[in-house]
Amino acid sequence: MDKALNSNKPVGHGQPVYVGLDVHKKSWSVSVYSSQGEYKTFSQPPEADKLVNYLKRTFPDSQYYSVYEAGYCGFWIHDQLQQQGVVSMVVNPADVPTKQKEHQHKRDRIDCRKLARNLCHGEMEGIYIPSLAMREDRTLVRTRQAFVKKRTRCKNQIKGMLFFYGIHLTDEEAYAPWSADFIKWIESIRMQRDSGNAALKAYLEELASLRQLINQVNQEVLKLARSEEYAVPVKVLKSAPGISTLSAMILLTELCDMARFASLDTLCSYVGLIPSIKSSGETEYVRGITPRRNAYLRWILIEAAWVAVRKDPAMMMAFNNYCKRMRKNRAIVKIARKLLNRIRFILKHRTPYVPVRAK
């Protein structure tokens, strides 16, 4: 604890108090700034009640502001602080102004001081925080995506094991959806020893378990899509080419509230459908698509765009025109941006997608 200004006696009434939090599972590093500058930096247990009691005892009748970086802790800290009268902000770690020394000497005490200082000077902008209900709906949809990734990994492990022992699959077998007959064929394979059979059986049992879990989560997602809250927006979204019920639920749970995006450019920036540009003087470098993105949204929009260029004549014409001057993987990003613009319109106006006739 800092030696200066380390008294627990009340030091002021009514002044704004700024708190930077570097949060971890077992402890929080806390830095408190007042109108006179840094007041105290200390560690405490990860409990919002103790922090609020300390603030009220030390700075009675004041307005309290807090900030911490978004991460695995989620938003429960924000919720508890808000409930107790603290104006809480959660920021993207990449958006926190950082000095070179703070980059080179990263410590919890330095991080929380940096957050409190920037909060006091108004140099940060908080991220959008969905409601608790929306967070839980989003978690369900993301859980489905996580299980699908695990299933893909498991299939690759099985294919890798077969290839290791010289059991080759054709491209059609390797990349086609795994049918029940194909899985039965793998189950019929016998290795030379029982140990090899046990290893292959373990992989197949994991695959069967994942397939069952994905089916269960799919049913829950479909049930949620039919609920009163989602039924109408899901219906209008499914009118767009390439948007299934699952795609619609990903869009709705990740975007949450379309009104929070002031313009199409703001929305495309959030999704990650903008170029990465570096400019200096008269020189400008375009480095392709930005690495900063919402991974779930950008992936589903790119997938939907490939369907749109086959089903929507206007999209197909635009794609072909783009391909005359750029590679297909860049052209499809532009189509995804067009598709996102139309999705934005149909969600704002609750009107079905209408394909534009190609001229």
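Annotation: of all residues in the stretch 313-351 being of a type in the set (A, V, I, L, M, F, W, C) and open to solvent by 70 Å² or more (accessible area, probe 1.4 Å), the one that is farthest from the chain's Cα centre (by Cα) is Met317. Scanning the stretch 21-41 for residues that are in contact with an Asp or Glu (Cβ under 8 Å, 6 or more places away or on another chain) and surrounded by fewer than 17 Cβ atoms within 10 Å (Cβ to Cβ) turns up just one, His24. Of the residues making up the stretch 54-85, those that are in contact with a His (Cβ under 9 Å, 6 or more places away or on another chain) and closer than 21 Å to Lys40 by Cα are Phe59, Pro60, Asp61, Ser62, Ser66, Tyr68.
Checking each residue in the stretch 81-102 for being under 22 Å from Leu55 (Cα atoms), open to solvent by 20 Å² or more (accessible area, probe 1.4 Å) and touching an Asp or Glu at 6+ places or on another chain (Cβ under 8 Å) picks out only Gln84. What about Gln145, is it modelled with pLDDT under 95 and either over 24 Å from the mean Cα position of the chain (by Cα) or within 30 Å of Gln212 (Cα to Cα) (or both)? When the stated conditions are applied, Gln145 does not pass them.
Is there any pair with a first residue in the stretch 75-92 that is touching a residue at least 40 places away in the same chain (Cβ under 8 Å) and a second that is β-branched (Val, Ile, Thr) and open to solvent by less than 60 Å² (accessible area, probe 1.4 Å) whose Cβ atoms are under 7 Å apart and which are 6 or more apart or on different chains, and what are they? That search, which allows pairs on different chains as well, returns Phe75/Val90; Phe75/Ile129; Ile77/Val23; His78/Val90; His78/Ile129; Val86/Val52. Among the numbered criteria (1) in contact (Cβ under 8 Å) with a residue 40 or more places away in the chain; (2) loosely packed, with under 15 Cβ neighbours inside 10 Å; (3) touching a Pro at 6+ places or on another chain (Cβ under 8 Å); (4) farther than 30 Å from Arg293 by Cα, which single criterion is violated by Thr58? Every listed condition holds for Thr58 apart from (2). Need pairs with beta-carbon distance below 8 Å; first residue within 20 Å of Gln145 (Cβ to Cβ) and of a type in the set (A, V, I, L, M) and within the stretch 283-300, second at pLDDT 90 or above and open to solvent by 50 Å² or more (accessible area, probe 1.4 Å); sequence gap 6+ or separate chains. Matching pairs, first to second residue: Leu297/Tyr270. Just one residue in the set His105, His121, His168 is over 30 Å from Glu47 (Cβ atoms), exposed (fewer than 12 other Cβ atoms within 10 Å of the Cβ) and either without any contact (Cβ under 8 Å) to a residue 12 or more places away in the chain or of a type in the set (Lys, Arg) (or both); that residue is His168.
For residues that are in a loop (DSSP other than H, G, I, E, B) and free of Cβ contacts under 8 Å to residues at least 60 places away in the same chain, scanning just the stretch 231-251, find the one that is most open to solvent (accessible area, probe 1.4 Å). Going through the qualifying residues, I end up with Lys238. Among the criteria (1) of a type in the set (Lys, Arg); (2) under 25 Å from Lys201 (Cα atoms); (3) in contact (Cβ under 8 Å) with a residue 60 or more places away in the chain, the one Arg135 does not fulfil is (2).
For the stretch 284-312, taking the residues that are under 22 Å from Tyr270 (Cβ atoms) and among the charged types (D, E, K, R), the one that is surrounded by the fewest Cβ atoms within 10 Å (Cβ to Cβ) is identified as Arg287.
Here Ala94 passes the criteria (1) modelled with pLDDT under 95; (2) more than 15 Å from Arg117 (Cβ to Cβ); (3) not in a helix (DSSP H, G or I) except the one numbered (3). Within the stretch 216-227, identify whether any single residue is at pLDDT 95 or above, farther than 22 Å from Leu246 by Cβ and of a type in the set (S, T, N, Q), and answer yes or no. Within the stretch 216-227, not a single residue is at pLDDT 95 or above, farther than 22 Å from Leu246 by Cβ and of a type in the set (S, T, N, Q).
Within the stretch 252-274, being in contact with a Pro (Cβ under 9 Å, 6 or more places away or on another chain) and assigned to a loop (DSSP other than H, G, I, E, B) holds for Cys256, Asp257, Gly272. Could you tell me whether any residue of the stretch 185-204 is under 30 Å from His78 (Cα atoms), in a helix (DSSP H, G or I) and modelled with pLDDT of 95 or more? No - not one qualifying residue is present in the stretch 185-204. Evaluating Tyr128 against the criteria (1) surrounded by fewer than 16 Cβ atoms within 10 Å (Cβ to Cβ); (2) farther than 23 Å from Asp257 by Cα; (3) under 24 Å from the mean Cα position of the chain (by Cα) leaves one unmet condition, (2).
Within the stretch 143-165, how many residues are touching a helix residue (DSSP H, G or I) at 6+ places or on another chain (Cβ under 8 Å) and either outside any loop (DSSP other than H, G, I, E, B) or open to solvent by less than 80 Å² (accessible area, probe 1.4 Å) (or both)? Count: 14.
The values are calculated or read from the model by the stated rules, or taken from the named source; none is laboratory data. Worth saying up front: this structure is predicted, and the values here are computed from it rather than measured. When we count neighbours, we look across all protein chains shown, and the Cβ atoms used for this are built from the backbone with ideal geometry, even at glycine. Heavy atoms of the whole protein, side chains included, go into the accessibility calculation; ligands, DNA and RNA do not. Shrake-Rupley method; radii C 1.70, N 1.55, O 1.52, S 1.80 Å.
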